[in-house]
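Asker: One structure, as structure tokens, below. Some questions next.
The values are calculated or read from the model by the stated rules, or taken from the named source; none is laboratory data. Here the structure is a predicted model, which means the values were calculated and not measured. Note that we place each Cβ from the backbone using ideal geometry, even for glycine, and neighbour counts take in every protein chain shown. Each accessible area value is taken on the protein alone, full model and side chains, heavy atoms only, with ligands, DNA and RNA left out. Shrake-Rupley method; radii C 1.70, N 1.55, O 1.52, S 1.80 Å.
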Amino acid sequence: MSRQHLLTIDDLGADGIEELLDLTDSFVEVSERRIPKVPVLRGKTVAWLFYEDSTRTRLSFETAARRLSADTMNFSVSSSSVNKGESVLDTVQTIEAMGVDAIVVRHGSAGVPRQITGWVDASVINAGDGWHAHPTQALLDCYTLRQHRGNIDGLRIAIVGDIKHSRVARSNVAAFTAMGADVTLVAPRTLLPPAVGLWPVEVTHSLDDVLAHVDVVYLLRMQLERQAQALVPSLREYTAEYGLTASRFARLDPDALIMHPGPMNRGVEIAADVPESPQAVVTNQVRNGVAVRMSVLFRLLGSEVDPRQLVEESFSG
Ligand code: CP
């Protein structure tokens, strides 16, 4: 990450990822306190600009900002002047005129967060742009893997499903391979991006071939809202070939982890009761999202605060 923005995982590199994961340990500890709040971003203001729906990313960023004592500016695109035709440029300049230190942006078009960096002085955090990138999802996934496995280096990770439309897949391939994991993409040809041959991954069209040899199965949601045409014959056939069905789950190594960024289509990419298995760490991914996003906000906005203060200082009003 530049000192100012977080747009992609590539901006961070392995050292930057490691630094944020180490910092996250402190914020996990803060989150477990009786009063899970520290005054390190008092006086800072963070605004949300979500042009696409979100539950996890938006709520965890809001929680993260509040736990750091930042003020938040809640902006709902669906009830804003965007509906009267206001452009992204005019919207962000309007928000900035009210005084913000960071803008967290989700947009359906790739590149919009980077474009915004040219229009405002505030820090810009990419909360998902089109098919392009979702860096904080990749960071919380790395943190979750490190929490459960101690190390990402050498892990064999299968990312399964709609790779083509997935910003999560792109950011996770970048993050997992930077941290030394061996990544295999598992998908039908129609759900792979044309340039996948240039990615630092193996590719297979058979989930059954890799199932017994992986440490992590990372399932992706079928993104029907981004598919302009039917790219699989039917959801039933997709599940038969690529779903983590009960019988495939039974063939996994008992220590293998199951991950999903959410929201899940139970019964499509994952059997309805598999998320309740102890091997599934989906809830931990969500929980870690708060502490990881605290790290990102702190790293961008808390430059004048010594991180050691986090250990010593609890919120005293
Ligand atoms: N994983 C994720 O980005 O979830 P939301 O769309 O709910 O934010």
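Asker: For the stretch 110-131, how many residues are touching a residue at least 60 places away in the same chain (Cβ under 8 Å) and open to solvent by 70 Å² or more (accessible area, probe 1.4 Å)?
Answerer: Total satisfying the criteria: 2.
Asker: Looking at (1) assigned to a helix (DSSP H, G or I); (2) within 16 Å of the ligand (Cβ to nearest atom); (3) within 20 Å of ALA65 (Cα to Cα); (4) in contact with a helix residue (DSSP H, G or I) (Cβ under 9 Å, 6 or more places away or on another chain), find the lone condition where PRO113 falls short.
Answerer: Checking PRO113 against (1) assigned to a helix (DSSP H, G or I); (2) within 16 Å of the ligand (Cβ to nearest atom); (3) within 20 Å of ALA65 (Cα to Cα); (4) in contact with a helix residue (DSSP H, G or I) (Cβ under 9 Å, 6 or more places away or on another chain), the one that fails is (4).
Asker: Same structure, new question: Select from the stretch 95-148 the residues that are under 19 Å from LYS44 (Cα atoms) and of a type in the set (Ser, Thr, Tyr) and list them in ascending order.
Answerer: Passing the criteria: THR117, SER123.
Asker: Considering only the stretch 154-171, I want to know if a residue exists there that is assigned to a helix (DSSP H, G or I), among the aliphatic types (A, V, I, L, M) and assigned by TED's automatic domain parsing to the domain that holds GLN223. First the steps, then the outcome.
Answerer: Going residue by residue through the stretch 154-171, those that are assigned to a helix (DSSP H, G or I) are 167-171.
With among the aliphatic types (A, V, I, L, M) added as a condition, the list becomes 168-169.
Keeping just the survivors that are assigned by TED's automatic domain parsing to the domain that holds GLN223 gives 168-169.
Looking for residues that are assigned to a helix (DSSP H, G or I), among the aliphatic types (A, V, I, L, M) and assigned by TED's automatic domain parsing to the domain that holds GLN223, one finds at least one in the stretch 154-171, hence yes.
Asker: Let me ask you something else. Can you say whether THR45 is at pLDDT 95 or above, open to solvent by less than 20 Å² (accessible area, probe 1.4 Å), of a type in the set (Ser, Thr, Tyr) and in contact with a strand residue (DSSP E or B) (Cβ under 6 Å, 6 or more places away or on another chain), as far as the supplied structure shows?
Answerer: On the way: at pLDDT 95 or above: yes; open to solvent by less than 20 Å² (accessible area, probe 1.4 Å): no; of a type in the set (Ser, Thr, Tyr): yes; in contact with a strand residue (DSSP E or B) (Cβ under 6 Å, 6 or more places away or on another chain): yes.
In short, no.
Asker: If you don't mind, there's one more thing I want to ask. For the stretch 81-104, how many residues meet the condition of being touching a residue at least 24 places away in the same chain (Cβ under 8 Å) and on the phi < 0 side of the Ramachandran plot? Let's see the steps before the verdict.
Answerer: To start, the set of residues in the stretch 81-104 that are touching a residue at least 24 places away in the same chain (Cβ under 8 Å) comprises 82, 88-89, 91-93, 95-96, 98-104.
Imposing the further condition that a residue be on the phi < 0 side of the Ramachandran plot reduces the set to 82, 88-89, 91-93, 95-96, 98, 100-104.
The total comes to 14.
Asker: Residue by residue through the stretch 47-80, note down the ones that are without any contact (Cβ under 8 Å) to a residue 12 or more places away in the chain, assigned to a helix (DSSP H, G or I) and more than 9 Å from the ligand (Cβ to nearest atom).
Answerer: SER78, SER79, listed by residue number.
Asker: Another one. In the stretch 81-104, which residue that is within 21 Å of GLN4 (Cβ to Cβ) and not in a helix (DSSP H, G or I) is most open to solvent (accessible area, probe 1.4 Å)?
Answerer: Filtering the stretch 81-104 down to residues within 21 Å of GLN4 (Cβ to Cβ) leaves 88-89, 91-104.
Next, only the ones that are not in a helix (DSSP H, G or I) stay: 98-104.
Working: MET98: 127, GLY99: 38, VAL100: 16, ASP101: 50, ALA102: 1, ILE103: 0, VAL104: 0 Å².
Ranking the qualifying residues of the stretch 81-104, first place goes to MET98.
Asker: With the requirement that a residue be surrounded by fewer than 18 Cβ atoms within 10 Å (Cβ to Cβ), within 16 Å of the ligand (Cβ to nearest atom) and farther than 18 Å from HIS148 by Cα, what does the stretch 266-285 give you?
Answerer: Within the stretch 266-285, ARG266 is the sole residue that qualifies.
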